[in-house]
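The values are calculated or read from the model by the stated rules, or taken from the named source; none is laboratory data. The model shown is predicted, which means the values in this text are computed figures rather than measured ones. Cβ placement follows ideal geometry from the backbone for every residue including glycine, while neighbour counts extend to all protein chains displayed. Accessible surface is based on the protein model in full, side chains and every heavy atom, while ligands, DNA and RNA are left aside. Shrake-Rupley method; radii C 1.70, N 1.55, O 1.52, S 1.80 Å.
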Amino acid sequence: MANAIHVLGFSGSLRRGSYNTALLRAAAELLPEGMTLETFDLAPIPLYNEDVRAVGYPEPVQEFRKRIATADALLIATPEYNYSIPGVLKNALDWASRLPNPPLWGKPVAIMGASDGMFGTVRAQMQLRQVCVTTNMLPINKPEVLVARAQDKFDANGRLTDETTRKFLRELLEALAVWTRRLQGRSPASLSSVWEKI
Ligand SMILES: Cc1cc2nc3c(=O)[nH]c(=O)nc-3n(C[C@H](O)[C@H](O)[C@H](O)COP(=O)(O)O)c2cc1C
C-alpha cells in the first residue's frame, strides 16, 4: 500500500460546542484506509501584525506553519460569519501565507462547513476558495460538504448523526486522498521556486 496521507484539520470556530469542530471529529471517524487526521486549535494564534512578523513568527504561528508544512493535505471546517469566513480562520491563513516558504503553497485542501442557517456556509466556502487562489492552496471542487441546519444533524454530544451528511463527508475524504496522490508527483522544491519568481 502507498504511504499514509497525513491530513491536518482545523476549524474556524473557537466555540466549545462548535458544529464545525464537531464536523472535524466526525471526519476522524470516517477516514478512508491509509489516511490519518490530526487537528490544530487556532485559539493561540495571535492577531496578524506585520511588525511582529518582521521580528519573527510567534511560537504558536511557527507551530501552525510547521504542522501545515509537514501535512500532506489540509481539511478546513469553516463557519459562515456575515457571509464570509470568520476572522479567526482568515487571520490564521494570513500568518500561514507569508514568506519564507509559505506552507499553504501547493497544498491539497478539502473544505467543509456547518451553519445553523439554511445555506450551510455556501457563501463562506466561496470566499475561502477565493483565498485559495492567492495562497495557491489547491482545493477539491466536489463533493461540497455544506451542512445546513446543523442543529438537526448533530446530537447533544456533538456527534454527527445525519447519515446523508456522513456519506458526503466520507466522499470528501476519499476525494482528498485521490487528489493528494495526484498532486504528490510535484516536488515542493519546484513549487517554491515558482513562488520566488512572482
Ligand atoms: C458573527 C456571526 C455572524 C454570523 N453570520 C452568519 C451568516 O452569515 N450565515 C450563516 O449561515 N450563519 C451565520 N452565523 C451563525 C453561525 O452559522 C452559527 O453560529 C454556527 O453555529 C457557527 O459555527 P460553529 O457552530 O462552528 O461555531 C453567524 C454567527 C456569528 C457569531
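DSSP beta bridges fully contained in the chain are about 10 percent antiparallel. Using a Gaussian network model of the chain with C-alpha springs under 10 Å, which one of Arg159, Arg16, Arg181 is most mobile by mean-square fluctuation? Checking each option, the largest mean-square fluctuation is seen for Arg16.
Annotation for the stretch 1-90: GluC sites (Glu not before Pro) lying in DSSP loop with at most 11 further Cβ atoms inside 10 Å of their Cβ are Glu33. Starting from a Cα-only point model with no solvent, please compute log10 I(q)/I(0) by Debye for the stretch 26-173 at q = 0.15, 0.20, 0.21 1/Å. Listed by q, the Debye log ratios stand at -0.81, -1.34, -1.44.
Computed about its Cα centre, the charge dipole of the stretch 1-67 is approximately 120 debye, with only Lys, Arg, Asp and Glu carrying charge at their Cβ. In a reduced charge model with +1 at each Lys and Arg Cβ and -1 at each Asp and Glu Cβ, the chain shows a dipole moment near 340 debye about its Cα centre.
When shorter helices are ignored and each DSSP H run of at least 4 residues is given -39500 (n - 2.57), the per-residue value for the chain at 222 nm works out to -13000 deg cm²/dmol.
For the chain, which whole-number percentage of the solvent-accessible area (1.4 Å probe, protein heavy atoms only) is attributable to carbon and sulfur atoms?
Roughly 54 percent of what the probe reaches on the chain is carbon or sulfur.
Averaged per residue, what accessible area in Å² does the stretch 79-166 show with a 1.4 Å probe, protein chains only?
47
Taking the chain as the region of interest, the number of lysine pairs whose Cα atoms are within less than 22 Å, with members eight or more places apart or on different chains, is 8. Count Lys and Arg as plus one, Asp and Glu as minus one, and take only other residues whose Cβ is under 15 Å from that of Arg129; the net charge is then +2.
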